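> My structure is below; once you've seen it, I'll send some questions.
The values are calculated or read from the model by the stated rules, or taken from the named source; none is laboratory data. Here the structure is a predicted model, which means the values were calculated and not measured. Reconstructed Cβ throughout: ideal geometry from the backbone, glycine too, with neighbour counts over all protein chains shown. To get the accessible areas, we keep the full protein, side chains included, count just its heavy atoms, and leave off ligands, DNA and RNA. Shrake-Rupley method; radii C 1.70, N 1.55, O 1.52, S 1.80 Å.
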Amino acid sequence: MIVCTYEDRPTALIGLKLLVLSLRRCVGDWPVMVFVRNIDVGEARELLGDDGVELRDANDLNSAGWNVKPAILTRMLDEGHGRVLWVDSDIVVAHDFRPLLDAHGDEVFVATQEHRWGMCPGSRLRTGKWGFEAGRELPVTVNSGVMRVSPSHRDLLDRWMELLESNEYAQMQARPWYERPAHLLSDQDVLTALLGSAEFAGVPVHLLRRGRDIAQHHGPSGFSVGERLAVLFKGTPPLVHCQGPKAWDYGPGDTLGRDKRRYYERLYLELSLYSAVAGRYRDEVGLPMDWTRPSAWPARLCHALMLGQPVLRGLPLAVFDTVVKSVRRMVGRTHWDRDGEVVAA
Ligand SMILES: [Mn+2]
């Protein structure tokens, strides 16, 4: 198995470092291939070291951001790797997750389930909106933060890349996310559409379960109330994904008075499982890690009340966020309608 990942935001190098360190500690000696763009390769090499890590310049790829995934995966397959694992640079490994993959043969395309609040979940709408004939229905949207592929997925990856390079998709990517319909929101909506189509209905798919296998931190309740409570009996998920706002981008400067939204994000990120797991590497990262300790008073209070339990300390905010989101959905205050189309403001 070879792991590959990508980053193009110089401020997010710390996420790469945490991914590499946690892979080393939790799964041992899998080689890691890191693709970077808009980032100095020498600087990245200095930070990441060369122990099992290979750095590649990704400036020659046709795409950027999350759209690079199929291009990088096909390149790895072309180079002869028989089993390639994509892991987003905003994921940290909490403990060994190899059994989750070993349970499935190489013909199985493994990815993860989108977070609790992903809108219009599933493949039916996405497959239909892309104009493909449906071949099966995935009840949840695919999250492409983790994917395992083998040469048997080459056609799927080629087709995915083709659609990500299409005009229809590229034009929508140039607009802000809240102006994009569901099937054109991001790379994973396109992937979900393809996996639901008749053309690729024969590809066996296994999605790692959100909450149990991977914590999808997207907002305070992306890692949901129910998932957090279930963890008490079943153990912490081995993969922790900091989707959306990044924990290291926040700090004491984000006050309530300056920006309410950022303050709210700072609170949930300070209380997140991601920050707790990242904190294990405080002495090894070589970059500022203050953000892994709750510093805003409400965050310190929740941390103290829950005795620092890394999943429960975020529970009060998750409950609050769930109530707010549920009410907004009930009264129809959402960005998208049932058809995944953008609701005019
Ligand atoms: Mn991600």
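> Two decimals is fine: what's Rg over Rh for region 114-188, C-alpha atoms, Kirkwood radius as Rh?
Numbers: Rg = 12.8 Å, Rh = 13.5 Å.
Dividing the radius of gyration by the Kirkwood radius yields 0.95.
> Right, something else. If exposed means no more than 16 neighbouring beta carbons inside 10 Å and the site is in a DSSP loop, what's the longest run of the chain without any exposed trypsin sites (Lys or Arg not before Pro)?
Details: sites that count: Arg83, Arg136, Arg209, Arg258, Arg282, Arg333, Arg338.
Free of exposed loop sites, the longest segment is 1-82.
> Please work out the average accessible area per residue across the chain, using the 1.4 Å probe convention, and give it in Å². Don't skip to the end; give the middle numbers.
Working: 15180 Å² over 345 residues.
I get 44 Å² per residue for the chain.
> Please calculate the 1.4 Å probe accessible area of Met289, with all protein chains present, and give it to the nearest 10 Å².
Around 10 Å² of this residue is reachable by solvent.
> Of Leu55, Ala198, Met1, which is farthest along the charge dipole of the chain in the positive direction, counting Lys and Arg as +1 and Asp and Glu as -1 at C-beta?
Ala198
> Further, regarding this structure: Using the alpha-carbon centroid of each, what span in Å lies between region 19-80 and region 102-119?
About 21 Å separates the Cα centre of region 19-80 from the one of region 102-119.
> What are the ³J(HN,Hα) couplings of region 285-296, residue after residue, when phi is run through the Karplus curve with 6.51, -1.76, 1.60 and θ = phi - 60°? Round to Hz, x for glycine and proline.
6, x, 9, x, 10, 4, 5, 7, 10, x, 10, 5
> Nearest 5 percent is fine: what portion of the DSSP beta bridges confined to region 1-140 is antiparallel? Could the numbers behind the result be given before it?
Values: 0 of 13 bridges.
Antiparallel bridges make up about 0 percent of those DSSP assigns within region 1-140.
> I would also like to ask the following. Report the Cα-based extents of region 2-208 along its three principal axes, largest first, to the nearest Å.
So the three principal-axis extents are 47, 39, 33 Å.
> Now, a different point. So, with +1 on the Cβ of K and R and -1 on the Cβ of D and E, and no other charges, what is the size of the charge dipole of the chain about its Cα centre, to the nearest 20 debye?
On the way: 42 positive and 45 negative charges, 345 e Å.
In debye, rounded to 20, the chain gives about 1660.
> Also: Hey, what number do you get for the chain at 222 nm if only DSSP H runs of n ≥ 4 count, each worth -39500 (n - 2.57), divided across all residues, to the nearest 500?
Working: 13 runs with 125 residues, N = 345.
Counting only the DSSP helices, I get -10500 deg cm²/dmol.
> What is the distance in Å between the Cα centres of region 274-315 and region 169-221?
29
> Which whole-Hz ³J(HN,Hα) couplings does region 62-67 yield from phi under the Karplus relation 6.51 cos²θ - 1.76 cosθ + 1.60, θ = phi - 60°, glycine and proline marked x?
Ordered by residue, 3J(HN,Hα) equals 6, 10, 9, x, 6, 7 Hz.
> Would you mind giving the average projected area, over all directions, of the Cα convex hull of region 123-268 in nm² with one decimal?
Values: hull surface 43.4 nm².
Spelled out: convex hull of the Cα atoms, projected over all directions, averaged, 10.9 nm².
> Which one, Leu207, Val149, Met172, is farthest towards the positive end of the dipole of region 106-212 when Lys and Arg carry +1 and Asp and Glu -1 on their Cβ?
The one lying farthest along the dipole's positive direction is Leu207.
> Using only C-alpha atoms and all pairs of different ones, pull out the Kirkwood radius for the chain in Å with one decimal. Can you show the working numbers first?
Details: mean 1/r = 0.0483 Å⁻¹.
Roughly 20.7 Å, rounded to one decimal.
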